[in-house]
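The values are calculated or read from the model by the stated rules, or taken from the named source; none is laboratory data. Treat the numbers as computed from the prediction; the structure is a model and nothing was measured. Neighbour counts are summed over all protein chains in view; Cβ atoms, including those assigned to glycine, are modelled from backbone coordinates with ideal geometry.
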Amino acid sequence: MLSKEIVLKETEIKNLIKNSQSKRVITDYLSTELAYTSNAIEGNTLTRKETALIISKDITSGSKPLKDYIEAKNHATAFNLVLELSKKKSDIEQDDILRIHRQILKGIDDDFAGRYRNVSVRIAGSQTVFPNSAKVYALMSDLIENIRADNSAAICKAAKAHLNFVSIHPFIDGNGRTARLLLNLILLKNKLLPIIIRPQDRKHYIDVIEEAQTTKNAQNYFKFIFSVHLRSMKFYLRMFK
Ligand SMILES: Nc1ncnc2c1ncn2[C@@H]1O[C@H](COP(=O)(O)OP(=O)(O)OP(=O)(O)O)[C@@H](O)[C@H]1O
Ligand SMILES: [Mg+2]
């Protein structure tokens, strides 16, 4: 069950973004902010400012690996795609996920961009065993069907989809970034706004995922996602106070 505070803030957010100008201001901001935060979680070394400069002005300030700049541009393009997809009336399809992933790994690993893995994967330092690659397609079909059939509150539905996605780990790389965009696509489709998981949240984020996978108890995971959702909503509302 969602807290009263979340329900209340969601109503305020829905009202706020009925004004398309306000929504535009926030999504423009998020184009850089999500690229910065989501890529930093993945290990990208760009600062927020460097991310903003490469995205808005194509300026490679600082002498960071070229890959880091490409990833920033890629994330901004992928977020634009997510905004487009969120306007579609129809349900999310596997192809939408593949398109997002293709954009995330574009120019970085073109052989695997937009393609499910055909090898096994593991995460260093993690106990989790991911499904055999032969099962990925069927598991992703189930995931899409579960999203479609899920009538719970948008943030619960989005959180479940993200956890299931990262537990299938359908790609060789780029799973986390694609999963966070999928979560945010579900929120946007439900007239809400993306959640911002910050680099400082990384340890907590990984710990609650790992706990949910190893103990099958996802309570702390949901608690974490709800708190980030609430924090993000408060932040957007403050932008207009
Ligand atoms: N047991 C686990 N421990 C840590 N991360 C996990 C686990 N299971 C799934 N994940 C997910 O895997 C992601 C890392 O996978 P991958 O390297 O493919 O994604 P990425 O987008 O390249 O990087 P990142 O997700 O770190 O941003 C984590 O962000 C997390 O969402
Ligand atoms: Mg990675």
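Quick rundown of the values:
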quantity	calculated
The range 169-182, subset near ligand 1 (Cβ under 10 Å from one of its atoms) and part of a helix (DSSP H, G or I), residue nearest to K223 (Cα to Cα)	R180
Search result, residues across the range 173-186 that are closer than 28 Å to K18 by Cβ and in contact with a His (Cβ under 8 Å, 6 or more places away or on another chain)	R180, L182, L183
Hits in the range 128-144 (condition: in contact with an Asp or Glu (Cβ under 7 Å, 6 or more places away or on another chain) and either over 27 Å from I186 (Cα atoms) or at pLDDT 95 or above (or both))	I144
Filter result for L163 (modelled with pLDDT of 95 or more, part of a helix (DSSP H, G or I), near ligand 1 (Cβ under 10 Å from one of its atoms) and not small (G, A, S))	yes
Failed condition for N146, given (1) under 16 Å from F79 (Cα atoms); (2) of a type outside the set (A, V, I, L, M); (3) more than 13 Å from ligand 1 (Cβ to nearest atom)	(1)
Inter-residue pairs, beta-carbon under 9 Å, first modelled with pLDDT of 95 or more and away from ligand 2 (no atom under 16 Å from the Cβ) and in the range 17-46, second acidic (D, E) and not in a helix (DSSP H, G or I), 6+ apart	none
Extreme residue, nearest to the chain's Cα centre (by Cα), among residues of the range 6-28 that are under 21 Å from E84 (Cβ atoms) and exposed (fewer than 14 other Cβ atoms within 10 Å of the Cβ)	D28
Yes/no for V121 being within 16 Å of ligand 2 (Cβ to nearest atom) and either hydrophobic (A, V, I, L, M, F, W, C) or part of a helix (DSSP H, G or I) (or both)	yes
Residue satisfying condition, being modelled with pLDDT of 95 or more, crowded, with 17+ Cβ neighbours inside 10 Å and under 17 Å from the mean Cα position of the chain (by Cα), within set N80, N74	N74
Residue that is among the β-branched types (V, I, T), crowded, with 16+ Cβ neighbours inside 10 Å and out of contact with any Ser or Thr (no Cβ under 9 Å at 6 or more places or on another chain), where the choices are I104, I144	I144
Any hit, the range 151-160, residues being closer than 25 Å to H75 by Cβ, surrounded by 18 or more Cβ atoms within 10 Å (Cβ to Cβ) and within 13 Å of ligand 1 (Cβ to nearest atom)	yes
Qualifying residue in the range 60-69 (condition: on the phi > 0 side of the Ramachandran plot, part of a loop (DSSP other than H, G, I, E, B) and away from ligand 2 (no atom under 16 Å from the Cβ))	yes
In the range 185-241, the residues that are in a helix (DSSP H, G or I), more than 16 Å from ligand 2 (Cβ to nearest atom), without any contact (Cβ under 8 Å) to a residue 24 or more places away in the chain and within 25 Å of S126 (Cβ to Cβ)	Q200, K203, H204, D207, V208, E211, T215, Q219, N220, K223, F224, S227
